[in-house]
Structures are given as structure tokens and as C-alpha cells.
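Beneath this line is the structure, given in C-alpha cells, with notes to follow.
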Amino acid sequence: MATNPFEDAPDIVAPIANGWDVNQIDEATNRLHRPAWPAPLGEAAYHGVTGDFVRLIEPNTEADPAALLFQFLCYAGNAFGTKAWYLIEETRHYPNLFVCVVGRTAVARKGTSRKHVTRVMGEATPEWESECTASGLSTGEGLIARVRDPLYGIDKEGHPELSVVRVFETMGWVN
């Protein structure tokens, strides 16, 4: 008894039977294998100042609310640096986050969400924006040069005076 190899794929076989061209079949196949969009974040994710920011921007943008939220938290955490922390027992936990916003080029509004956050953070902390943000570092050496400890002098006790170095790197690329 022979089995039909397309039995589990009627959505692909139907276009072939209806005379679709190769591009239409490719698009139908891509839709079948495309992962589902993640469920929206729960209301608890949008509490406090961060939630207020997202709710203020959301009606006026095509950017995803989750992208606005995570980029805001990431930018703010970098701007706070070592001046803010949450103490658990004897360990300080700083607001350091690493965020990767992924989407299709030119249609996912990744840069749109980032630009809303950049504008607000630039107005709130212009010195942080000018001194701590970077975009498009080309090599590992470029990053090392940005985060090296610059020596500002020697203190009264003979110790080197170093600054706290923070870099907020934004990068985009096409694969």
C-alpha cells in the first residue's frame, strides 16, 4: 500500500494543483514554516516609568511595545551605570542588560523603536549620549579602545585615577 508523501502538506499541494507559479509556492511554503509571533508581554511588564514611556509612545508608532520596553531598560541601565543597584545579601546587582532586537530588514521597525528611546535618553542625559554611546564598531580592537581605562592622574595616595567606562553599542547588519 503506497502512501501519499504530500498527505501532511495539503497547503503546499493545493497551489501546485491550482497552477500557482514558483514564487507563489515559495511564499506559501515560507508561511507554513515561519514561527508564530510571540505572545504579547503581560501587563506586569509595563509597570512604572518604563511602562509609562511605552504607553506614551505606543499609539504613535509602528514599533513593537516589547522592543520599546527592552531598549528603554537597556539604555537606562547603561546610563545609570554603577550609580544604581539592587542589593541581594552582600552583592550589588547593577542594571546591566544585553538586548538583541531581531526582525526583517526595512519592515520590522527595529530602528524606529530605538530612535524613540535614543531621543528621550539624549534629552535626559546628553552627556551620557555623547560620551558613552557608539555605533558600528568595526573590530574587537575598536571595542577594546572604547572601553580601556583612561588614566587621569595619580591621587594623593599614589593610586591611578581611572574613570568608569561605559559603552552602549548599537549595531545592525544584514545576513
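Looking only at segment 90-104, count every residue that is of a type in the set (A, V, I, L, M, F, W, C), surrounded by 13 or more Cβ atoms within 10 Å (Cβ to Cβ) and closer than 24 Å to Glu127 by Cβ and tell me the total.
Of the residues in that region, 2 qualify.
Quick one: count up the residues across segment 62-89 that are surrounded by fewer than 16 Cβ atoms within 10 Å (Cβ to Cβ) and assigned to a loop (DSSP other than H, G, I, E, B).
The number of residues fulfilling the criteria is 4.
Among the listed residues Arg55, Arg104, Arg119, Arg92, identify the single one that is in a helix (DSSP H, G or I) and either farther than 18 Å from Phe168 by Cβ or over 17 Å from the mean Cα position of the chain (by Cα) (or both).
Only one candidate qualifies: Arg55.
Is it the case that segment 150-167 has a residue that's part of a loop (DSSP other than H, G, I, E, B), under 30 Å from Ala63 (Cα atoms) and at pLDDT below 85?
Checked segment 150-167: at least one residue is part of a loop (DSSP other than H, G, I, E, B), under 30 Å from Ala63 (Cα atoms) and at pLDDT below 85.
Taking the condition modelled with pLDDT of 90 or more and among the small types (Gly, Ala, Ser), does Gly142 pass?
Here the answer is no, as Gly142 does not meet what is asked.
The values are calculated or read from the model by the stated rules, or taken from the named source; none is laboratory data. Fair warning: this is a prediction, and the values are worked out from it, not measured in the lab. Please note: Cβ atoms are built from the backbone with ideal geometry, for glycine as well, and neighbour counts cover all protein chains shown.
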